[in-house]
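One structure is given below, encoded as structure tokens.
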Amino acid sequence: MTCLPSPVPDVCVRVLMSIGACGPYAHVVAHFEPPGPGGEFELVSVAPERQLPAEYLPALRAGLLEGLDGVTAAVLITEGSFSEVDSSEYGYRIAGRQAGRAALVATGLLPPEEAGSLRWARWPGRPV
């Protein structure tokens, strides 16, 4: 089992498929840390329910697991937002996948060139 080797703070993902029309929308800010003593994946959200409804957390979790691709981490969601009209489980799954991949790029577990495929993700030190 591979563990995230170092922290990656402030990974911000804002999925916005189309401006002015219906489409998946999701927004989260995540802090990634190496896993705790058990080495298991952990997801905790401290974002208020009014910012990130709990109903989207299972899809976000599934996306994070896909994006991390077997690398374990502890993930803290600190912020989020949603749209009454455009948010969906699909959007949060995309957000999770992009956030997980961003953490892998930031820690060197994926090559910097991979950042170019992360359309909606931003993080400190992101390669151009």
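Based on what the data block shows, is Pro24 more than 14 Å from Ala121 (Cβ to Cβ), surrounded by 13 or more Cβ atoms within 10 Å (Cβ to Cβ) and at pLDDT 95 or above? No, not satisfied.
Please enumerate the residues belonging to the range 48-71 that are surrounded by 19 or more Cβ atoms within 10 Å (Cβ to Cβ) and touching a Lys or Arg at 6+ places or on another chain (Cβ under 6 Å). Listed by number, the residues that qualify are Ala59, Gly63, Gly67.
Reported count of residues in the range 102-128, each being within 20 Å of Gly80 (Cα to Cα) and not charged (D, E, K, R), is 7. With the structure loaded, tell me whether Glu66 is part of a strand (DSSP E or B) and closer than 21 Å to Leu16 by Cα or whether it fails that test. No: the conditions fail for Glu66. If you go through the range 26-63 and keep only what is in contact with a Gly (Cβ under 8 Å, 6 or more places away or on another chain), among the hydrophobic types (A, V, I, L, M, F, W, C) and not in a helix (DSSP H, G or I), you end up with Ala26, Val28, Val29, Ala47, Leu52.
Please tell me if Val75 is buried (at least 19 other Cβ atoms within 10 Å of the Cβ), over 12 Å from the mean Cα position of the chain (by Cα) and within 13 Å of Leu4 (Cα to Cα).
no
Would you confirm, using the coordinates I've provided, whether Leu110 is within 23 Å of Thr2 (Cα to Cα), in contact with a helix residue (DSSP H, G or I) (Cβ under 6 Å, 6 or more places away or on another chain), in a loop (DSSP other than H, G, I, E, B) and of a type in the set (A, V, I, L, M)? Steps first, please.
Values: within 23 Å of Thr2 (Cα to Cα): yes; in contact with a helix residue (DSSP H, G or I) (Cβ under 6 Å, 6 or more places away or on another chain): yes; in a loop (DSSP other than H, G, I, E, B): yes; of a type in the set (A, V, I, L, M): yes.
So Leu110 passes the test.
Note on the range 105-128: among residues that are in contact (Cβ under 8 Å) with a residue 40 or more places away in the chain and surrounded by 15 or more Cβ atoms within 10 Å (Cβ to Cβ), the one that is farthest from Arg14 (Cα to Cα) is Leu109.
Filtering the range 94-104 to residues that are within 9 Å of Val13 (Cα to Cα) and either among the basic types (Lys, Arg) or touching a His at 6+ places or on another chain (Cβ under 8 Å) (or both) leaves only Ala95. Restricting attention to the range 82-98 and to residues that are in contact (Cβ under 8 Å) with a residue 60 or more places away in the chain and either out of contact with any Pro (no Cβ under 8 Å at 6 or more places or on another chain) or part of a strand (DSSP E or B) (or both), the residue that is farthest from Pro5 (Cα to Cα) turns out to be Val85.
Is it fair to say Glu55 is more than 17 Å from Ser6 (Cα to Cα) and not polar (S, T, N, Q)? For Glu55, the condition - more than 17 Å from Ser6 (Cα to Cα) and not polar (S, T, N, Q) - is met.
The values are calculated or read from the model by the stated rules, or taken from the named source; none is laboratory data. Nothing here was measured: the structure is a model prediction, and the numbers come from that model. All Cβ positions, even for glycine, are placed from backbone atoms using ideal geometry, and neighbour counts span all protein chains on display.
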